[in-house]
Amino acid sequence: MKTSASTIDGTSIAVRVARLDWQAIEHALDERGHATTPPLLAPAECTDLARLFRDDGRFRSRIDMARYRFGVGEYKYFAEPLPPIVAALRTHLYRRLAPIANRWMEALGAAERYPSDLPGYLARCAAAGRVRPTPLLLHYGAGGYNCLHQDVYGALMFPLQFTCVLSRVGEDYTGGEILLVEQRPRAQSRGQVVVLERGAAVIFPSRHRPVAGGGGHYRATVRHGVSRLHSGERLSLGIIFHNAE
């Protein structure tokens, strides 16, 4: 399912998200542990979001990754109000992902169940003192990378997240592939590499996912990162659905 920029322009985020092949996305998440989308953002929208990185007034905090030994690069968490396109993606993606998340929790034998819409989930976050938004922009230059990690900010956590690349692979940058590493019980880790065109996205687990086995489902732990950039600059948008304290 490919979507050209001309098709995207003038179409609301709600429509773009609804037009995704959600049956295929759910199948990919179950089988491979991640799912990719065709471009959800037009080139001009990618450029506009990338330009926001220079406007510190749009963000609540900045992280120098090298300082904390997270890698080499920097990322910034958006402040409220979120840019409209980011807020729309977060809202409409959540609505589609919540049923998958609930099915995963049932498969894992977990008691957690998620509300059907994002306002309901953010109200739960707020009741637990989690009020700071977590969508972010990430920037890497040549030599930059992101160590394998999980975006966990406490016990309250939505099990899926979303990353959209705003730069052009092969033109704006080389290298910088998305890395997903899955650890299954009593087995060696399995690594996967994801390369996205500009405006396309990947959906993947925040921490764990259920994997079907002979005796039912078992819990696989997933970490993600970004390989070293060989040249250029790479910006991406990350959407995490749980808020931080």
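The values are calculated or read from the model by the stated rules, or taken from the named source; none is laboratory data. Given the structure is predicted, the values throughout are model-derived calculations rather than measurements. Positions of Cβ are generated from backbone atoms using ideal geometry, with glycine treated the same way; all protein chains shown enter the neighbour counts. Each accessible area value is taken on the protein alone, full model and side chains, heavy atoms only, with ligands, DNA and RNA left out. Shrake-Rupley method; radii C 1.70, N 1.55, O 1.52, S 1.80 Å.
Data table
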{"read-out": "Under 5 Å, built H, 5+ apart or other chain: amide partners of R228", "value": "G176"}
{"read-out": "Distant alpha-carbon pairs in the chain (separation over 25 angstrom), percent", "value": "41"}
{"read-out": "Kirkwood-based shape ratio for segment 153-220, expressed as Rg/Rh from alpha carbons", "value": "1.06"}
{"read-out": "Computed helical MRE - 222 nm, the chain, DSSP H runs ≥ 4 contributing -39500 (n - 2.57), nearest 500", "value": "-8000 deg cm²/dmol"}
{"read-out": "Contour excess over end-to-end distance, with Cα ends at V15 and A128 and 0.36 nm allotted per residue", "value": "37.5 nm"}
{"read-out": "Net charge over other residues, Cβ less than 15 angstrom from the Cβ of G170 (K, R count +1; D, E count -1)", "value": "-2"}
{"read-out": "Note, ³J(HN,Hα) from phi for segment 199-216, Karplus 6.51, -1.76, 1.60, rounded to Hz, x at Gly and Pro", "value": "x, 7, 9, 10, 10, 8, x, 6, 8, 10, 8, x, 10, 6, x, x, x, x"}
{"read-out": "Binned Cα-Cα distance frequencies in segment 1-143 - 5 Å width, integer %", "value": "2, 8, 14, 16, 18, 19, 16, 7, 1"}
{"read-out": "Projected label distance in nm at A187 and A212, using a 7 Å step from Cα toward the beta-carbon", "value": "1.4"}
{"read-out": "Accessible area in square angstrom per residue, the chain, 1.4 angstrom probe", "value": "46"}
{"read-out": "Unit charges on C-beta of K, R, D, E only; dipole of the chain, Debye", "value": "540"}
{"read-out": "For segment 179-228, size of Cβ-based charge dipole, Lys and Arg +1, Asp and Glu -1, in debye", "value": "180"}
{"read-out": "Radius of gyration and maximum dimension Dmax of segment 6-80, Cα, Å", "value": "16.6, 42"}
{"read-out": "Of all accessible heavy-atom area on segment 61-185, the percent that carbon and sulfur account for (1.4 Å)", "value": "55"}
{"read-out": "Coil-residue trypsin sites (Lys or Arg not before Pro) of segment 67-171, DSSP, other Cβ within 10 Å capped at 14", "value": "R67, R69, R113"}
{"read-out": "Segment 202-245 - Debye-derived log10 I(q)/I(0), Cα point model, q = 0.21, 0.23 Å⁻¹", "value": "-0.90, -0.97"}
{"read-out": "H242 long-range amide H proximity, modeled H, under 5 Å", "value": "F158"}
